[in-house]
Amino acid sequence: MPELPEVETVRRGLAPAMVGARFARVTLRRPNLRFPFPPRFAERLEGTTVLDLGRRAKYLTARLDSGESLILHLGMSGRFDVTMPDGANLSPGDFYLEGTLGVPKHDHVVMAFANGATITYNDTRRFGFMDLVATSELDTCRHFAAMGVEPLSDALDAALLARLFARKITPLKAALLDQRLIAGLGNIYVCEALHRSGLHPALPAGALAKTDGSPTPKAKTLVKEIKAVLTEAVAAGGSTLRDYARPDGERGAFQHGFRVYDRVGHACPTKGCSGRIGRIVQSGRSTFFCESCQVLPRT
């Protein structure tokens, strides 16, 4: 599943074709993706202009001059192929299964714009979806109403993290992946941020709050490292896993900077640490961490 940096990379790749452009024709080649398309979906899009293209957690949001907003979710294998007005072809944020690149039968939505650009949505597994909601209700719609704070926003600081996690016995990694608390964090970047912070993924989340509810020093470190790892990943164009690629066709480079993710048995990169990277399973997902410098405190 593409995480926040990959979705942000897709947003930046689509923006030149979409922002300020008017939908001329929208073709749906099937009645549904993960969910059925909204009633009169193509008709409601055609003739509208995209005012801006944003991101909420792992979703894209296109605000339209009709008073509605288009919500786009890539699912596991969704991708956009873009033909620009000058004929240039882009594939912003490719994230697809080996052997399925460019298979026409998986082209499910074609959006042609009055400026000459065409965007085709291709999705092998059809776990992605599209929706239309009133822009005035975007924050309270069913997709976002229960969603937590954006990790790269100023709203996420150590004090908020402590309030969110206070008295929770949930493992720290699980709490960080809870989209109701912090929206947009995924498995890769949580593993990386925890390692940078020297925190064991199974530590009770409440350990980051003092008895008076204020943040511990480690809570401050974790917030700083969450923001740092996401910012670095966005700058690198995301992480290439199963052929994820940047808008210019080159693969994202952040995977070359992984400290722990998918590096079982490798030496810990932390200076002065002689440990090795290990793996445990939490809630059915792999967690990677250093067995030496990320230890659970003794009780």
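The values are calculated or read from the model by the stated rules, or taken from the named source; none is laboratory data. Nothing here was measured: the structure is a model prediction, and the numbers come from that model. FYI the Cβ positions are ideal-geometry reconstructions off the backbone, even for glycines, and counts take in every protein chain you see. These accessible areas exclude ligands, DNA and RNA; they are computed on the full protein's heavy atoms, side chains included. Shrake-Rupley method; radii C 1.70, N 1.55, O 1.52, S 1.80 Å.
Quick notes
- Residue within segment 196-206 that is open to solvent by less than 20 Å² (accessible area, probe 1.4 Å) and either touching a strand residue (DSSP E or B) at 6+ places or on another chain (Cβ under 6 Å) or of a type in the set (D, E, K, R) (or both) present: yes
Residues are listed down the side, and each one gets a yes or a no for (1) surrounded by 15 or more Cβ atoms within 10 Å (Cβ to Cβ); (2) modelled with pLDDT of 95 or more; (3) not small (G, A, S):
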residue	(1), (2), (3)
F144	yes, yes, yes
A162	yes, yes, no
A175	yes, yes, no
G184	yes, no, no
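- Of the residues making up segment 146-160, just one is within 21 Å of R285 (Cβ to Cβ) and either buried (at least 20 other Cβ atoms within 10 Å of the Cβ) or touching a Pro at 6+ places or on another chain (Cβ under 9 Å) (or both), namely P151.
- Within segment 121-138, if we keep just the residues that are at pLDDT 95 or above and among the polar types (S, T, N, Q), the residue that is nearest to M18 (Cα to Cα) turns out to be T135.
Let's see how each residue does on (1) basic (K, R); (2) more than 29 Å from D262 (Cα to Cα):
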{"site": "D131", "(1), (2)": "no, yes"}
{"site": "T135", "(1), (2)": "no, yes"}
{"site": "R167", "(1), (2)": "yes, yes"}
{"site": "L176", "(1), (2)": "no, no"}
{"site": "Q179", "(1), (2)": "no, no"}
{"site": "G184", "(1), (2)": "no, no"}
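- A search for C-beta distances below 9 Å between a residue of segment 71-89 that is farther than 25 Å from F127 by Cβ and any residue that is part of a strand (DSSP E or B), counting only pairs 6+ apart in sequence or on different chains, returns M84/L90; M84/T118; P85/F113; A88/V82.
- Entry remark, segment 242-272: residues being at pLDDT 50 or above, in a loop (DSSP other than H, G, I, E, B) and either under 22 Å from E3 (Cα atoms) or open to solvent by 30 Å² or more (accessible area, probe 1.4 Å) (or both) number 13 in total.
- Subset of segment 123-137 (residues that are under 17 Å from F41 (Cβ atoms) and under 19 Å from the mean Cα position of the chain (by Cα)): D123, R126, G128, F129, M130, D131
Yes or no, residue by residue, for (1) acidic (D, E); (2) touching a helix residue (DSSP H, G or I) at 6+ places or on another chain (Cβ under 8 Å); (3) without any contact (Cβ under 8 Å) to a residue 60 or more places away in the chain:
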| residue | (1), (2), (3) |
| --- | --- |
| F23 | no, yes, no |
| P36 | no, no, yes |
| R40 | no, no, yes |
| K58 | no, yes, no |
| T61 | no, no, no |
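- Segment 273-283 - residue that is without any contact (Cβ under 8 Å) to a residue 40 or more places away in the chain and open to solvent by 70 Å² or more (accessible area, probe 1.4 Å) and, of those, farthest from L176 (Cα to Cα): S274
- With respect to the conditions (1) closer than 16 Å to G78 by Cα; (2) open to solvent by 20 Å² or more (accessible area, probe 1.4 Å); (3) aliphatic (A, V, I, L, M), V7 falls short on a single one, namely (2).
- From the list A174, A159, A112, A145, the one residue that fits, being touching a residue at least 24 places away in the same chain (Cβ under 8 Å) and within 30 Å of L28 (Cα to Cα), is A112.
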